[in-house]
1. Out of the residues in the range 195-224 that are farther than 23 Å from residue 18 by Cβ and in contact with a Phe, Trp or Tyr (Cβ under 9 Å, 6 or more places away or on another chain), which is modelled with the highest pLDDT?
2. Any chance the range 209-217 includes a residue that's assigned to a helix (DSSP H, G or I), more than 30 Å from residue 163 (Cβ to Cβ) and of a type in the set (D, E, K, R)?
3. How about the range 95-148: which of its residues are aliphatic (A, V, I, L, M) and either part of a loop (DSSP other than H, G, I, E, B) or in contact with a strand residue (DSSP E or B) (Cβ under 6 Å, 6 or more places away or on another chain) (or both)?
4. Taking the options 60, 82, 109, name whichever one is in contact (Cβ under 8 Å) with a residue 12 or more places away in the chain, of a type in the set (A, V, I, L, M, F, W, C) and surrounded by 20 or more Cβ atoms within 10 Å (Cβ to Cβ).
5. Can you go through 27, 19 and tell me which one is in contact with a Leu (Cβ under 7 Å, 6 or more places away or on another chain) and surrounded by 13 or more Cβ atoms within 10 Å (Cβ to Cβ)?
6. Go through the range 149-171 and give me each residue that's in a helix (DSSP H, G or I) and among the β-branched types (Val, Ile, Thr).
7. Somewhere in the range 154-172, is a residue closer than 29 Å to residue 212 by Cβ and either more than 16 Å from the chain's Cα centre (by Cα) or surrounded by fewer than 20 Cβ atoms within 10 Å (Cβ to Cβ) (or both)?
Amino acid sequence: MRPGREGLAAGALALGYGLAGALYWALLNVPESSALALALSASLVPLIIGTTAATTAGAVMIANGATRDTWRRMGAAIGGFVIGLAIFAVLWWITGSAETWWENHRGEVDALFLRYGGITRTAWVHQTVVWFTFLTRWALGLSIVTGLVVAGATGGGRTLGRGLRGSVRLASLAATLVGVVIVTDGLWRLVLWRPRRLPPTWMEPAFVTIKLAVLYALAVAIAAFVLGVHRRAAGDPAGLPR
């Protein structure tokens with residue numbers, strides 16, 4: 001690991017994801033009241049996906065020590081991102097359908113446990129299902145996206161299949177899960193937080209600006225860490241070749 005390259009990769013993530021976020025904000029604010037507005041919205045979606053994919057792939061290449069030859073793998077890395085995103089969407093649909101089915105049959109499940117096992121406390125069963133769907137959707141889904149991008153960026157299109165297998169390794173899954181939990185249960189909850197005695201003067205917008213900048217920097221650092229774990233897994237002989 002070289003701190004200089006890692007820092008440049010994190011900077012690329014900050015700039016690229018910031019641009020993708022700005023495009024997403026623009027998408028949310030496009031009034032879909034005309035054909036032109038709908039066409040603009042339709043054009044922003046692939047632009048957001050492409051920006052995010054190119055940013056992630058570029059950060060991996062920079063951290064690996066990008067050369068003229070490695071940049072030729074950008075297409076494979078972006079393709080890996082799109083394939084991973086499609087798999088993530090399928091997992092999202094499957095887990096969402098499973099959650100809906102389970103919620104609609106909670107009473108039946110409780111009745112089965114009571115009848116055949118005499119068990120009245122089934123909260124742990126329902127919580128297990130919630131955790132399983134969460135892990136499948138976020139840890140596995142995002143790990144697959146990251147693993148395919150890293151595979152495309154390090155070995156080209158021929159390594160995407162092995163990248164899919166590498167994304168389900170314990171280290172890759174654990175790093176992705178830790179990153180998701182920290183962002184969703186930690187950083188995201190701080191977005192709306194403010195001190196109780198903060199005076200409504202210039203200090204309030206200054207505080208909000210600094211707070212959001214710090215949270216964004218931390219989120220980027222977490223993303224860089226997760227990418228680093230996947231990159232090291234890709235460089236492991238048991239994983240993907242560089």
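The values are calculated or read from the model by the stated rules, or taken from the named source; none is laboratory data. Predicted, not measured: the structure shown is a model, and the values here were computed from it. Please note: Cβ atoms are built from the backbone with ideal geometry, for glycine as well, and neighbour counts cover all protein chains shown.
1. Among residues in the range 195-224 that are farther than 23 Å from residue 18 by Cβ and in contact with a Phe, Trp or Tyr (Cβ under 9 Å, 6 or more places away or on another chain), the one modelled with the highest pLDDT is 195.
2. yes
3. Quick first cut of the range 95-148, residues aliphatic (A, V, I, L, M) only: 98, 109, 111-112, 114, 119, 123, 125, 129-130, 135, 139-140, 142, 144-145, 148.
Within the range 95-148, 119 is the sole residue that qualifies.
4. On the way: 82 fails: surrounded by 20 or more Cβ atoms within 10 Å (Cβ to Cβ); 109 fails: surrounded by 20 or more Cβ atoms within 10 Å (Cβ to Cβ).
The unique qualifying residue is 60.
5. Values: 19 fails: in contact with a Leu (Cβ under 7 Å, 6 or more places away or on another chain).
Just a single option satisfies the conditions, and that option is 27.
6. Of the residues in the range 149-171, the ones in a helix (DSSP H, G or I) are 149-155, 157-166, 170-171.
Of everything in the range 149-171, those that are in a helix (DSSP H, G or I) and among the β-branched types (Val, Ile, Thr) turn out to be 149, 150, 154, 159.
7. no
Residue-wise test of (1) of a type outside the set (Phe, Trp, Tyr); (2) under 19 Å from residue 147 (Cβ atoms).
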{"site": "21", "(1), (2)": "yes, no"}
{"site": "25", "(1), (2)": "no, no"}
{"site": "40", "(1), (2)": "yes, no"}
{"site": "45", "(1), (2)": "yes, no"}
{"site": "52", "(1), (2)": "yes, yes"}
{"site": "79", "(1), (2)": "yes, yes"}
{"site": "84", "(1), (2)": "yes, yes"}
{"site": "88", "(1), (2)": "no, yes"}
